[in-house]
Amino acid sequence: MVMLAAFSTFPRRASGVLLDALDPARQWRVQQIEFFGNKKFASGELSAAVVTKERPWYRFWEERPEFDPVTFETDLERLRRFYESRGYYSTEVTYDLQVDAESSLVAIRFDIRESEPVLISAIDVDVQSEGQTQSPPTLPESLPIKRGDVFNEADYQKAEQALRAFLLDKGYAHVKTERKAEVDLDQRQVQIRYSIQPGPLAQFGDTEIKGTDTVESELISRELTYKAGETYSEKSRRIARKAPGTRSLRYGQSRSGGNHRYAGRGAHGGGGHGKITPRDQDRRGLWH
């Protein structure tokens, strides 16, 4: 890896070395850490993404943290992954180490060369309703992401959760979802696709209340926001489980397609999964 020039805040007697040149028999400690070239994200955000730390200035009486070369090398990849998960796929991260051999101290500089971001070019939602008699379910008017946004993996996952939560509250208690993102690094674009299997509409069945130590079951029953035969709602189920004095609540369920594209912005359910596929000859991989 190319070693970059030293920066002015390093001690004058320090000398620049590569990671492999550090004497493994010595115990090195971190003197300071700096980030250079980062414009999209603050140094505090980048510092939180790495494991190697410097001693806080306000705890000057403590011994400086140990410098572990293996951890540091992994930190370089952590920073690349930090940028990648936020849409900056080709960001380069290099380093410069300034060593004070007399004091066994290492001053670290991370050099960031930020790339152009990958933007969302399309958001498709495919509702798979084969073999079902009811009409395809309605979908939320908006999602936490929109076309033209910088691709962010966290928001990409939140959009799937928003779709699931919406359908769970509309009676689709057995909904399954998948997500997929195809990243074109040459065009700096990503196409997002969510696949939904809503399953049959469900209704609340009879509710059985157990484990009431100090509250009568009838009092809890009066707090329920649903009745047997009503369309299932995840929100109502969560409220029922929080009824005062309730330790166990069992309820029954009775069972009673389309393609959508989102252009605008709007906003938990588990059970979904997905992948992100960079379409590039030199870099391929999957992130779940």
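Got a sec? Which of Gln203, Gln132 is at pLDDT below 90, in a strand (DSSP E or B) and farther than 20 Å from Arg86 by Cβ?
Answer to the check: Gln203.
If a residue must be closer than 15 Å to Ala122 by Cα, assigned to a strand (DSSP E or B) and among the charged types (D, E, K, R), how many such residues does segment 149-199 contain?
Final tally of qualifying residues: 5.
The values are calculated or read from the model by the stated rules, or taken from the named source; none is laboratory data. Note that the structure is predicted; figures quoted are calculated from it, not measured. Positions of Cβ are generated from backbone atoms using ideal geometry, with glycine treated the same way; all protein chains shown enter the neighbour counts.
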